[in-house]
Amino acid sequence: MRLELGYLFIEDVQFGEETKLENKTLYVNKDELVNLIKEDEHFEKVDLELARPGESIRITPVKDVVEPRVKVEGPGGVFPGMISKVDTVGSGKTNVLKGCAVVTAGKIVGFQEGIIDMTGPGADYTPFSKLNNVVLVCEPKEGLKQHEHERALRMAGFKAATYLGEVAKNLTPDEVEIFETEPMLESINKYPELPKVAYVQMLQSQGLLHDTYVYGVDAKESLPTIIYPTEIMDGAIVSGNCVSACDKNTTYHHLNNPVVKDLFAKHGKELNFIGVIITNENVYLADKERSSNWTAKLAEFLGLDGVLVSQEGFGNPDTDLIMNCKKIEQKGIKTVIITDEYAGRDGASQSLADADPLANAVVTGGNANEVITLPPMDKIIGDTSYVDTIAGGFDGSLKEDGSIVVELQAITGATNELGFNKLTAKGY
Amino acid sequence: MVKEIERAGIPVVHMCTVTPISMTVGANRIVPTIAIPHPLGNPNLDFEEEKSLRRKLVERALKALTTEVEEQTIFEE
């Protein structure tokens, strides 16, 4: 399966009479996009704001971040199973608006939502401060149930990203990257001397607003399976969750998964990137056992030499992570796990809830309990009144002058477990 | 908490869903429960069934509490 990603670089975003891309500036017709999102009867009010890198703006509570894209050639469309039909994606050509994103905000859905500061010390901790953001502020109708609110806001983000992506349908990209995965046997014949490596991606699927969707299927309802990496790059996996902001994978993360991208970069040179096994993180012990048995079984069946495992979220998924690691190692396949840490504010506590001697190669995205002070911003998009109650916040987090003292946990993408951010720790 | 209470000489039963974590942290008597969001109940059952389920879990825990153990033990029944 071969995918061409065409990047159109966006350096500014402005409101305009027509939604279009011109001279690296994305112009957005505000009324048109607001009206499109308002078609969903679950919203009382929809507003649109812009937030550019360096501006004194705080966005909170942030639910999802989505990169605008459009299918240019080949089967399927963007966000299959959500916006487009469920045709297989991951081949042909897709154009990407690089440097901008849709951010969904508004009345909080679940208590685990995040903060994006566009400037100041907080901006260093979130990758989304570097993007030109089109922020949807959606207020739900009174009495809307939480899970319906989640769904409505999730879909609003995809709709807006699809709407914006359309501007690039007939444009020539500034840069093109090509990614290809060949059928396994052909790939092994082509690179017989290279170690066969796959990626096990754990998807947050605890339910109660902690869900991820694959071609529209709720990941907790599925057994682990195999997916082409280019399908992930082309929008097959999307976020539907309100798990802790620092280490949840937004839809933007899925589309730009750095584990996938880096494995492609080494493919055919240092290793043979066979493909991706996706698995879930469910709340029943039997599910955890069954799913980790399955990933180990698939890894063995594929004849792998090595596996990278990434986690999403923390706490009980630490057990899924350790089970995956242990069971795959027991098949004689080397593993590296990618996680983050909840090691207390001083970093002295045990980092993960579970452990095993076989988990002997660990990459960390940083300690989510570390405390940071975010100075006041000139403008708030959304509402800061929730910061005392979001995960990572505490009673007294929000100060009178508008500054915020929180754990990194509250910052969207701060300790991402795909390695999307800059934090890590090294042992010497 | 389990370890600190036991250190004070009082036996503890850890009732939890993810028993591997309980094993890792060093609980001695472990009773597996239903699910992480609802360890001691099951919203899918009707009232009477759920009451019976809860009683069984508590009785199993009490039995575990009064059972001598030589090593970390999971009380499946």
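Each of A:Cys325, B:Cys16, A:Cys246, A:Cys138 was scored by other Cβ atoms within 10 Å of its Cβ. Arranged with the fewest first, they read B:Cys16, A:Cys138, A:Cys325, A:Cys246.
Output the antiparallel fraction of DSSP beta bridges having both residues in the stretch A:2-410, as a percent to the nearest 5. Antiparallel bridges: around 45 percent, rounded to the nearest 5. Taking A:Val406, A:Val362, A:Val109 in turn, the Gaussian network model of chain A (Cα-Cα springs below 10 Å) assigns the largest fluctuation to A:Val362. Tell me the net charge near B:Ser52. Cut-off is 14 Å between Cβ atoms, B:Ser52 excluded, with +1 for each Lys or Arg and -1 for each Asp or Glu. Summing Lys and Arg as +1 and Asp and Glu as -1 gives 0. Length available on full extension from A:Val72 to A:Arg2: 0.36 nm per residue minus the Cα-Cα distance, which gives 23.8 nm.
Take each residue of peptide A:205-214, count the partner chain Cβ atoms within 10 Å of its Cβ, and average: the result is 1. Residue by residue, the stretch A:410-424 carries 3J(HN,Hα) couplings of 7, 9, 4, x, 4, 10, 3, 8, 9, x, 6, 9, 9, 6, 6 Hz when phi is fed to the Karplus relation 6.51 cos²θ - 1.76 cosθ + 1.60 (θ = phi - 60°); x denotes Gly or Pro. With R₀ fixed at 56 Å, the C-beta to C-beta distance from B:Val25 to A:Val176 puts the FRET efficiency at about 0.65. Cross-link check: pairs A:Lys159/A:Lys248; A:Lys269/A:Lys327; A:Lys71/A:Lys159; A:Lys107/A:Lys141 evaluated at a Cα-Cα cut-off of 18 Å; pairs beyond the cut-off: A:Lys159/A:Lys248; A:Lys269/A:Lys327. Note on A:Glu400 and A:Asn360: their simple-model spin labels are 5.8 nm apart, each label 7 Å out from Cα toward Cβ. Residue by residue through B:18-28, how many Cβ atoms from other chains fall within 10 Å of the Cβ on average? The per-residue average across the peptide is 5.
Modelled spin-label separation between A:Phe111 and B:Glu70, with each label point placed 7 Å from Cα along the Cα-to-Cβ direction: 4.5 nm. Using the empirical formula 2.2 N^0.38 Å as the baseline, the Cα radius of gyration of chain B reaches a ratio of 1.13. In the elastic network of chain A, a GNM with C-alpha springs shorter than 10 Å, the most mobile of A:His267, A:His253, A:His147 is A:His147. Between A:Gly303, A:Gly110, A:Gly413, the residue with the greatest mean-square fluctuation in the GNM of chain A (Cα pairs under 10 Å linked by springs) is A:Gly303. For the stretch A:352-365, putting each phi into the Karplus relation 6.51 cos²θ - 1.76 cosθ + 1.60 with θ = phi - 60° gives couplings of 10, 6, 9, 7, 7, x, 6, 7, 9, 9, 10, 10, 10, x Hz, in residue order, rounded to whole numbers and with x for Gly and Pro.
Stokes-Einstein diffusion for the stretch A:16-80 at 4 °C, viscosity 1.567 mPa s, with a Kirkwood radius from C-alpha pairs, works out to 88 µm²/s.
Within the stretch A:313-348, what residues put their amide N at less than 12 Å from the label point 7 Å along the Cα-to-Cβ vector of B:Glu4? From the stretch A:313-348, the list is empty.
Whole-Hz Karplus values for the stretch A:261-274 come out as 5, 5, 5, 4, 4, 9, 5, x, 10, 9, 8, 10, 7, 6 Hz, taken residue by residue from phi with 6.51 cos²θ - 1.76 cosθ + 1.60 and θ = phi - 60°; glycine and proline positions read x. Return the percentage of antiparallel bridges among DSSP beta bridges fully within the stretch A:303-418, rounded to the nearest 5 %. Around 35 percent antiparallel, to the nearest 5.
Each residue of the stretch A:2-410 gets 137 Å³ once the volume of the Cα convex hull is shared out per residue.
Label zone of A:Lys38 (point 7 Å out along Cα→Cβ, amide N under 15 Å): in the stretch A:124-154 this covers A:137-141. Under 5 Å from the amide H of A:Ala391 lie the amide H atoms of A:Gln112, A:Glu113, each residue being 5 or more positions distant or on a separate chain, with H modelled from the backbone and absent for Pro and chain starts.
Neighbours of A:Gly120 by Cβ distance under 14 Å: Lys/Arg scored +1, Asp/Glu scored -1, total -2. Where both partners of a DSSP beta bridge lie in the stretch A:192-297, what percent of those bridges are antiparallel, to the nearest 5? Just about 50 percent of them are antiparallel. Spacing of the modelled spin labels on A:Lys379 and A:Ser349, each 7 Å from Cα toward Cβ, amounts to 3.8 nm. The calculated FRET efficiency for A:Val86 paired with A:Lys20, based on their beta-carbon distance and R0 = 30 Å, is about 0.50.
Since every read-out is calculated from the coordinates, none of them should be taken as a lab result. Since we're looking at a predicted model, the values are computed, not measured. Cβ atoms come from the backbone with ideal geometry, glycine included; neighbour counts cover every protein chain shown.
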